[in-house]
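**Q** Below are the structure tokens for one structure; questions will follow.
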Number of protein chains: 2
Amino acid sequence: MKTSLVAVDLHGQGCADCAVRGFSVCASLDQFEMREFEQLSRRVNFASCETIFAQEDSSSFFYNLLDGVMRLYKLLPDGRRQIVGFVLPGDFVGMTTDERHGFSADAIGPVTVCQFAKLPFGRFAEHKPNLLRRMNELAVQELNHARDHMVLLGRRSAEEKVATFLVGWRDRLVELRGPSNVVPLPMSRQDIADYLGLTIETVSRTFTKLEREGIIAILPGGVSLRDSARAEALAAA
Amino acid sequence: MKTSLVAVDLHGQGCADCAVRGFSVCASLDQFEMREFEQLSRRVNFASCETIFAQEDSSSFFYNLLDGVMRLYKLLPDGRRQIVGFVLPGDFVGMTTDERHGFSADAIGPVTVCQFAKLPFGRFAEHKPNLLRRMNELAVQELNHARDHMVLLGRRSAEEKVATFLVGWRDRLVELRGPSNVVPLPMSRQDIADYLGLTIETVSRTFTKLEREGIIAILPGGVSLRDSARAEALAAA
DNA sequence: CCCCGTCTTTGACCCAGATCAATGCAAATT
DNA sequence: AATTTGCATTGATCTGGGTCAAAGACGGGG
């Protein structure tokens, strides 16, 4: 089993020493609530490419990603795929009011999640304004991200799309692991294409173009942002 | 002043007789909370094309649309525009954790909103799990819509985009005003284009095409879904 | 070390939708 | 009635990105 590109230490099993404790939903829980929450949740591992849940599955669990990377995507009946997001440790997945998830999630490389059943969690959260406010915050953050992504999908060129993706992905990794312009890309070119509303060929050509222009260097398993200012200019424009 | 295409009665001024009482955030408030809430909010009218708030404005208010239609959109520095949603009576607008809204909202035709300041509302909501849960529900609903729209923007053809928009818009109006296949379109072709990630010419041509195919009839100020089954098939595909 | 399968890159060509340019059309203005 | 104004439609042409096809490149298993 190859080591995860976005690794986080997972020493113990409890919430107290959870790697993700500080920046996930749980950040809003006090010591006692945390103890209670611990009872509701359990850690589950998935191998690379395993499906955590599918679009049409009844949504009976929430997930908190502890380690690894996931992709969230929707499929059209004819197989066209749109990736709606990549998930990093600390991200909360599965919020929904519907009976079905409405999108699928699978593992990009091995993944560890903190899984908890919707119903008991609902009861647990019901009278905890702190937790509810925290969940609101997360939902609104995702909504903001979703709207930004609509602009990208509807109104930006291939080059802008790729640059925006690379800068955004780097920024998320920086938040998680500290500053670096080396950007590991655990997802495939096809994943990137389906995230940006492009084909794999266009993504590949655009990477090459950005490299020719001296903006990035293509490395095995990722890229390096050589001229991060120009990349950011493309992303903003 | 021409009458709104999506009119709702606005007899009195209080919450008790608010046209939108039953299906907005306020649905989660009891009689007493409602009385308190009434103190925080006030009704404001906007003329056609007026801006309710802009992308870079500090987000000091929330809004509940009472009457009319609004468009929410983001602008790129060079003027490209992506409409991220149309707002109908009962919709809640302005949820954000950021200091700035991040998108603009303006009136399509005359509009009446129920406006309330963020800070006092925050204090009011802080310890009301019912209200917090309701807001969660709304945020998650919008998130689901946003994800559906990502699929549309990233992976669908012009014809599918237009059909999906028409069917979706009809369904929202049906919910509000009862079943009908006559679909008023208060927004301009340019608005539709900026919502679907197309140009105005392509929208126009696609309308004409759908009419030639007998799926819609183009009326002044809207369309009629002549063959709603075929429109829905295009929307689902 | 060498297949073999999978993923990525590159090239040649094509087309859906963009762009550019009139023209149509109806409400508002004189 | 004539004129302006602001869409919306239509036509002609162009092009960014898609499609199809063929090499690389790379890692895993024997």
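The values are calculated or read from the model by the stated rules, or taken from the named source; none is laboratory data. The shown structure was predicted, so the numbers you read here are calculated from the model rather than taken from an experiment. Virtual Cβ from ideal backbone geometry, glycine too; neighbours counted across all protein chains shown. When the accessible area is computed, the model is the full protein with side chains, heavy atoms only, and any ligands, DNA or RNA have been set aside. Shrake-Rupley method; radii C 1.70, N 1.55, O 1.52, S 1.80 Å.
**Q** For region A:120-148, what are the residues that are within 7 Å of chain B (Cβ to nearest Cβ) and in contact (Cβ under 8 Å) with a residue 24 or more places away in the chain?
**A** A:Arg133, A:Met135, A:Ala139, A:Glu142, A:Ala146
**Q** Is it fair to say A:Leu219 is touching a residue at least 12 places away in the same chain (Cβ under 8 Å), away from every other protein chain (no Cβ under 14 Å) and within 11 Å of DNA strand C (Cβ to nearest atom)?
**A** yes
**Q** If a residue must be open to solvent by 40 Å² or more (accessible area, probe 1.4 Å), among the hydroxyl-bearing types (Ser, Thr, Tyr) and touching an Asp or Glu at 6+ places or on another chain (Cβ under 6 Å), how many such residues does region A:204-232 contain?
**A** 0
**Q** Name the single residue, out of those in region A:149-158 being touching a residue at least 40 places away in the same chain (Cβ under 8 Å) and within 14 Å of DNA strand C (Cβ to nearest atom), that is surrounded by the most Cβ atoms within 10 Å (Cβ to Cβ).
**A** For region A:149-158, the residue satisfying everything is A:Leu153.
**Q** In region B:87-109, which residue that is assigned to a strand (DSSP E or B) and within 13 Å of chain A (Cβ to nearest Cβ) is farthest from B:Arg43 (Cα to Cα)? Write out each step before concluding.
**A** Kept after step one, since they are assigned to a strand (DSSP E or B), are these residues of region B:87-109: B:87, B:92-93, B:100, B:104-109.
Narrowing further to those that are within 13 Å of chain A (Cβ to nearest Cβ): B:92-93, B:100, B:104-105.
On the way: B:Phe92: 14, B:Val93: 14, B:Arg100: 22, B:Ser104: 19, B:Ala105: 17 Å.
Looking at residues that are assigned to a strand (DSSP E or B) and within 13 Å of chain A (Cβ to nearest Cβ), I get B:Arg100.
**Q** Right, another one. Of these, A:Leu88, A:Leu72, which one is under 20 Å from the mean Cα position of the chain (by Cα), under 24 Å from A:Phe165 (Cβ atoms) and surrounded by 22 or more Cβ atoms within 10 Å (Cβ to Cβ)?
**A** Unique residue meeting the criteria: A:Leu72.
**Q** Still on this structure, please answer the following. Looking at region A:27-44, which of its residues are out of contact with any Asp or Glu (no Cβ under 9 Å at 6 or more places or on another chain) and hydrophobic (A, V, I, L, M, F, W, C)?
**A** Those that are out of contact with any Asp or Glu (no Cβ under 9 Å at 6 or more places or on another chain) and hydrophobic (A, V, I, L, M, F, W, C): A:Ala27, A:Phe32, A:Met34, A:Phe37, A:Leu40, A:Val44.
**Q** Determine which single condition A:Arg170 fails, assuming it passes every other condition in (1) free of Cβ contacts under 8 Å to residues at least 12 places away in the same chain; (2) away from DNA strand D (no atom under 16 Å from the Cβ); (3) not acidic (Asp, Glu).
**A** Answer for A:Arg170: the failing condition is (1).
**Q** Kindly state which helices (runs of 4 or more DSSP H) lie completely within region B:125-237 and contain at least 2 residues that are hydrophobic (A, V, I, L, M, F, W, C) and touching a Ser or Thr at 6+ places or on another chain (Cβ under 6 Å).
**A** B:129-155, B:158-177
**Q** For region B:167-203, give me the residue count where each residue is within 16 Å of DNA strand C (Cβ to nearest atom) and open to solvent by less than 30 Å² (accessible area, probe 1.4 Å).
**A** So the count comes out to 11.
**Q** Somewhere in region A:75-86, is a residue in a helix (DSSP H, G or I) and acidic (Asp, Glu)?
**A** No; the residues of region A:75-86 include none that is in a helix (DSSP H, G or I) and acidic (Asp, Glu).
This table checks each residue for (1) at pLDDT 95 or above; (2) open to solvent by less than 10 Å² (accessible area, probe 1.4 Å); (3) of a type in the set (Asp, Glu); (4) closer than 30 Å to B:Thr164 by Cβ.
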residue	(1), (2), (3), (4)
B:Asp78	yes, no, yes, yes
B:Arg100	no, no, no, no
B:Phe103	yes, yes, no, yes
B:Ile108	yes, no, no, yes
B:Ala125	no, yes, no, no
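**Q** Quick check, is B:Asn181 within 30 Å of A:Pro129 (Cβ to Cβ), more than 16 Å from DNA strand D (Cβ to nearest atom) and over 14 Å from the mean Cα position of the chain (by Cα)?
**A** So B:Asn181 does not fit the description; no.
**Q** Using the structure shown, decide if A:Asp106 is within 16 Å of DNA strand C (Cβ to nearest atom), under 22 Å from B:Val140 (Cα atoms) and acidic (Asp, Glu). Quick ask: steps written out before the conclusion?
**A** Numbers: within 16 Å of DNA strand C (Cβ to nearest atom): yes; under 22 Å from B:Val140 (Cα atoms): yes; acidic (Asp, Glu): yes.
So A:Asp106 passes the test.
**Q** Let me ask something else about it. Within region A:199-237, how many residues are basic (Lys, Arg) and within 14 Å of DNA strand D (Cβ to nearest atom)? Break it down stepwise before answering.
**A** Residues of region A:199-237 that are basic (Lys, Arg), as a first pass: A:205, A:209, A:212, A:226, A:230.
Then drop every residue that is not within 14 Å of DNA strand D (Cβ to nearest atom), which leaves A:205, A:209.
Residues in region A:199-237 being basic (Lys, Arg) and within 14 Å of DNA strand D (Cβ to nearest atom): 2 in total.
**Q** Looking at (1) away from chain B (no Cβ under 11 Å); (2) touching a residue at least 24 places away in the same chain (Cβ under 8 Å); (3) surrounded by 15 or more Cβ atoms within 10 Å (Cβ to Cβ), find the lone condition where A:Glu56 falls short.
**A** (3)
**Q** Considering only region A:110-119, state which residues are farther than 24 Å from B:Ala125 by Cβ and either among the hydrophobic types (A, V, I, L, M, F, W, C) or within 14 Å of another protein chain (Cβ to nearest Cβ) (or both).
**A** A:Val111, A:Val113, A:Cys114, A:Phe116, A:Ala117, A:Leu119
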